[in-house]
Amino acid sequence: MKFIKKSYVAFILLIMYAPVAILMVYSFNDSKLPIWKGFTLRWYEEIFKDYSIQQAFSNTILVAVVSSIIATIIGTFAAIGIERMTGWKKSLVMNVTYIPLLSSEIVTGVSLMLLFGALGMTPGISTLILSHITFSIPYVILSIMPKLKQLNYNIYEAALDLGAKPSYAFRKVILPEILPGVLAGLFIAFTLSIDDFIISFFNTGPGVDTLSIKVFSMTRKGVAPTINAISTIMFGTIIIILITTNIMASKKQKKINKSNKSL
Amino acid sequence: MDKKRLALPYVIWASIFVVVPVLIIVYYSFFDKGIFTLQGYKQVLNPRYLGNIMDSIGIAFISTVICLVLAYPLAMILSSKEMSAKGIILLLVILPMWMNSLLRTYAWGYLLQDTGVVNSLLSSMGLPTMQFLYKKSAIVFGNVYNFFPFMVLPIYNVLCKIDKNVIEASYDLGADKFTTFKRIILPLSMPGVITGIVMVFMPALTTFLVSRLLGGGKTTLLGDLIEQQFNKTGDWAFGSALSVILMIIILITLVFMSKKDSFDKGGGLF
Amino acid sequence: MKETKQQTEPIINLVNISKTFDDGAQILKDINMYIRRNEFLTLLGPSGCGKTTLLRIIGGFEEASSGEVLFEGSNIAKLPPYKRRINTVFQKYALFPHMTVGENIAFGLQIKKVDQKTIDEKVAQMLELVNLKGFQDRRIESLSGGQQQRIAIARAVVNEPEVLLLDEPLGALDLKLRKGMQMELKKIQQKLGITFIYVTHDQEEALTMSDTIAVMNEGRVQQIGTPVDIYNEPKNAFVADFIGESNILQATMIKDYLVSFHGVDFVCVDTGFGENVAVDVVIRPEDIRIVKEEEGMLKGTVESVTFKGVHYEMMVKSNNYTWAVHSTAMAPVGAKVGMVLTPEDIHIMKRG
C-alpha cells in the first residue's frame, strides 16, 4: 500500500515536471529542432546577443517585481482590514475579491483592456503592471487571511496596554505573526506574474514584450531554444534560492533546538 | 485606530479595476458605438457559436472530472503523512510555474508528438505508438495539466483540517475504512472539492491557446471565440456578451459557494 | 462505600503491555492488570504517565509494542477499533460536525443496520438519558461544550458497548459543570451496567467516581485499589503525594509496630518490613492533632496559617521539616505548638 501511494505521488510529480525537464534538456541541444543533436551552450551565449529576448526578460522581471510588491502591500493591509469587518460589508468585499480568482483570465484581461481604453491609457508597461497587481491581490489576501484567523488579537491589545503605539504594535506583534502568509503571498504573486500570459496578452502595447508574449509570437514558427535557455536560467535560479533559504532555515531551526535542549 | 480603514486602498483599487471593468463589459455588450443593441446576445444563439460553447463546456467538464479523480487520492496521500510539511507541498505544486505555462504546454507538444519522447518510450517497451496531438483529448490533457494544482490545493487543505479524532470516532462506532471515507471524510471535504471544481472548471471553460498549441487549432473554444472578437473580427458586442454570460455564471457560483461557506470551512486555496 | 453490583470476573485483561513510540520514548512499561465486568475503573496519573496511551491501546487506536489485550479471554490486540465491542468518549468530543445531534447518535446503529424505527426510539431514549430531550435536529455547532459532551456520551452508549472508554471527558468543562457531570456519569454507569474505563489526572474526580483506581506514573501502574485503600494505604511516596496532600518523611522501621523519625519512636500498626530498615512514612495533614507544646510528641513553630473554609491549613516547622496540618482549631503564626499522631494514622511504605 505504501509502495502504491509513493508511486502515485511520483507519477504525478513526473507528469508535472516532465515538460520542465524536456525544456531544460533542449536548452542544451545543438539544434533548433526538438531532436537531440548533441550538447551545446550556444543558446546561452545567444541570449547575450539577442536584444529582444533581453528586453522581454527585463520586462517580465520588472512587471513581476513591481506588481508583486505593490500587491503584497495593498493585500496585507486589506486582509487586516477585511478581517475586522463584519456582516454584509465583509461578504461584499470578499465576493469582489473572489471575482478575479474565479473568473476566467480572459474576462479579466478583456475587461481591464476595455477599462484602460476608456481611460485613454496607452497600453504598455504601466497597464501591464496595473493588471498584474489586480489579479495578484486576491491571492495575497487569501494567503494572509488564515494566519490572521489564527492570530490571537489579545497580543496586539497587550502590546497597546504595555504602552506601544498602534504602528509599533503592528510592526512588532502582528507582522511577525502573519509574516509567513505575507511572504507566501509575495511569492505566489511573483510566480503568477511571471507565469501569466492571457492577461498580459490583452494589456500590453506594441513593442512591449514579456517572455510569455515572446513565446506566443514564436509558437507558429517554433520556439527559439534561447527561450528555453533563459527559462532554464530562471528556473535554476529559483531552485538555488529555495534550497539555500531552506538550508539556512533548517540550520537556524537546529540552533534553536539545541539551545532549547540546553535549557 | 479603526483597523477596517486599512482595507480602504484595496476597496478603492478593486472598485476601479474589478467592478468598473465589469460594468464596462456589460455596457459594451448592449451598446455598439453608442447605439443600444441585442445583436451580441443574438450572436450567442447562432448554432455555430452555440456548438463552440457546447464543445467548451464538454471539454471543461471532462477536464474537471479527470482533475478531481486524479487530485483526490493525491491530496489524501499527501495529507495522511505528517512528515511532508505543508510548505513543501505548496512549493512543489507551484514551482513548475516558474517555467512559463505557455512554454510548458508547448513542451507537451514535443513530448506527445508522433516521434516524441512518450511514443519512443511506448515503442521501446514494445507497445504500439499513438497519435496524441491535434485531438480534443489533447486539449483535455492540456487543461488537466495546467489547472491540476487548483484542484489539489483546496482538497489537500480541507483534508488536513479534518480532526483525526473524528475519524477515530467513526472507527470506534463500528464503521470500517470504506464507510468512514463515504460518511465522514468525503462529506467533510466537500468545501474543498467544490472550490477545486470551480477553480478548474472556470479557467478550463475559457482557456485559449491550449486548443491552438495541442489541439491543432481545429476546435474553437469559448476562450478562442472571445479573443477573436476583440483581436480579429472586432465584434466587441459579441465578445462582451460572451464575457457577461461568463460573469453571470461566476456570480451564480459565488452565491452558491458563499451559501455553502466553502472558503470559510477550510476549502480555501492555501 | 457500598458495593451494589456484582463485580466478579474480569472482562479485560492486560498482559505485559509495553509501548515504545517511533522516537524511542518508552511510554508504557510492562503493564499487567485486569478490569472487572461492570466496574468503574479510573486510570489516574499526571500528564505523560501513559494513561491515555493505555486507553487507546484498549480502544484499538494504538497498537502495543508487545503484550496482549484479552477481551473475555481472547486476544484482541490486532483487532481494528471497528471490530471491538468497546466504545470511546473522546476528550474533545469528536462529534461529526456535518451531522445533526440525532444523526450523530444514530451513526453506530446505522452501521449495524438497525431498522429506522428502532434507531429513532433509541436516539430519543439516549437524549432523555443525557437530559437533552428534543435535541435531535440541532446542529452540533449550536451546542455548548457541556451539551456536546453529553451527546458524545449518548453517541457511544447507544451502541450498548461492553466497555466504555472515557478519555478525560470532563477536562474542557468548567468546575461547576464538571461536578454535575461527574454525578451524572456515575448514574449512567450504574443504570446501564456498563464497564467504564475512565482516564483523568484529577485525583478528586477519581476518588469521587471510581470503584477502582489505577494510579499510573512513568509508564507503570503504581497501585490499584479502591479509592479508600489508595487514599489510606498509599503504596509508595508517589501515590501518597499524588492522592491528596501528604507529609512524607524518611524514617527507620525499628521492628514490627515501631517506627522512628525526627528522633522520636512512634507506635504504628504496620508489620513485616524487617528490623532497622529505611522506609517512607506518610501522614495526612488532617490526621495531625495540634496540642500545647509540652503535650506534643513533636514540637514546632507555626510558620503560616491559611483559612480554607472548613479548616485551617497551617505550616508547622519542626526538626527542619515543614508539616502541613489541617485543623479546625487555629494557632497563630509564630506560636510554639505540639503535634500528636495516633498509630493508625502513620502509614509505612517501602522506600522507592
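The values are calculated or read from the model by the stated rules, or taken from the named source; none is laboratory data. Source: prediction; values computed, not measured. All Cβ positions, even for glycine, are placed from backbone atoms using ideal geometry, and neighbour counts span all protein chains on display. With ligands, DNA and RNA removed, areas are computed over all heavy atoms of the protein, side chains included. Shrake-Rupley method; radii C 1.70, N 1.55, O 1.52, S 1.80 Å.
Summary of values
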| quantity | calculated |
| --- | --- |
| Rounded, prolate or oblate (a/c below 1.5 giving rounded, otherwise prolate when a/b exceeds b/c) for chain A by Cα gyration tensor | oblate |
| Exposure rank, largest accessible area first [C:Val316, B:Val11; 1.4 Å] | B:Val11, C:Val316 |
| Cβ-based charge dipole, the protein assembly as shown, positive-most Cα from B:Pro96, C:Ile105, B:Ala169 | B:Pro96 |
| Additional length obtainable on full extension of the chain from C:Lys187 to C:Val277, 0.36 nm per residue less Cα span | 27.8 nm |
| Alpha carbon convex hull of the stretch C:1-103, volume per residue in cubic angstrom | 162 |
| Accessible area expressed per residue, the protein assembly as shown, with surrounding protein chains retained (probe 1.4 Å, Å²) | 46 |
| FRET E, pair A:Tyr153, C:Leu175, Förster distance 25 Å, beta-carbon r, rounded to 0.05 | 0.40 |
| Alpha-carbon Debye profile of the protein assembly as shown, log10 I(q)/I(0) at 0.05, 0.10 Å⁻¹ | -0.44, -1.17 |
| Accessible area buried, both sides summed, chains B and A with 1.4 Å probe, Å² | 7700 |
| Residue with peak Gaussian network fluctuation, chain B [Cα springs, cutoff 10 Å], from B:Ala75, B:Ala107, B:Ala14 | B:Ala14 |
| Stretchable slack from C:Tyr257 to C:Ser74, in nm (0.36 nm times residue separation minus alpha-carbon distance) | 61.3 nm |
| Taking N as its residue count, the alpha carbon Rg of the stretch C:5-237 over 2.2 N^0.38 Å | 1.01 |
| At R0 = 45 Å, FRET efficiency that the Cβ-Cβ distance of C:Ser304 and C:Asn32 yields, to 0.05 | 0.55 |
| Computed over the stretch C:245-350: relative contact order in percent, which uses C-alpha pairs under 8 Å that are six or more apart | 31 |
| Dipole moment magnitude, nearest 20 debye, the stretch B:1-76 about Cα centre, only Lys, Arg, Asp, Glu C-beta charged | 220 |
| Label point distance in nm, C:Glu160-A:Ala164, each placed 7 Å from Cα along Cα→Cβ | 6.0 |
| Options C:Asn16, C:Leu79, C:Val157, ranked by Cα towards positive dipole end of the stretch C:5-237, top entry (Cβ charges) | C:Val157 |
| Candidates A:Pro146, A:Pro19, A:Pro123, ranked by Gaussian network fluctuation over chain A, Cα under 10 Å, top entry | A:Pro19 |
| Two-site FRET efficiency, B:Thr115 against A:Thr237, from Cβ-Cβ distance with R₀ of 22 Å, rounded to 0.05 | 0.10 |
| Links that overshoot a 24 Å alpha carbon limit, given the list B:Lys164/C:Lys117; A:Lys2/B:Lys182; C:Lys51/C:Lys92; B:Lys42/B:Lys136; C:Lys29/C:Lys350 | B:Lys164/C:Lys117; B:Lys42/B:Lys136 |
| Separation of the C:Lys113 and C:Ser47 label points, Cα + 7 Å toward Cβ, nm | 4.5 |
| Carbon and sulfur %, accessible surface of the protein assembly as shown computed with the full protein complex present, 1.4 Å | 60 |
| Helix C:116-129 axis, angle to chain C major axis (alpha carbon atoms, nearest 10°) | 20 |
| The stretch A:108-220 - Rg (one decimal) and Dmax (whole number), Cα, Å | 19.4, 65 |
| Net charge dipole size for chain A [Lys, Arg +1 and Asp, Glu -1 on Cβ; Debye, nearest 20] | 1100 |
| Debye, to nearest 20: dipole size of the protein assembly as shown, +1 on Lys, Arg Cβ, -1 on Asp, Glu Cβ | 2800 |
| Percent RCO, i.e. relative contact order, over the stretch B:15-265, from Cα pairs under 8 Å lying at least 6 residues apart | 31 |
| Virtual spin-label span in nm between A:Lys49 and B:Asn231, 7 Å along Cα→Cβ | 3.0 |
| For the stretch A:49-185, with +1 on Lys and Arg beta carbons and -1 on Asp and Glu, the positive-most of A:Thr60, A:Tyr168, A:Leu130 along the dipole | A:Tyr168 |
| Nearest-ten-degree value, helix A:2-26 long axis tilted from longest Cα axis of chain A | 50 |
| Three-way shape call for the stretch C:245-350 based on the alpha-carbon gyration tensor, with the a/c threshold at 1.5 | prolate |
| Kyte-Doolittle mean at least 1.6 and Cα axial length at least 24 Å: DSSP H helices in chain B | B:186-206, B:236-260 |
| Rg/Rh (Cα only; Kirkwood hydrodynamic radius) as it applies to the stretch B:15-265 | 1.04 |
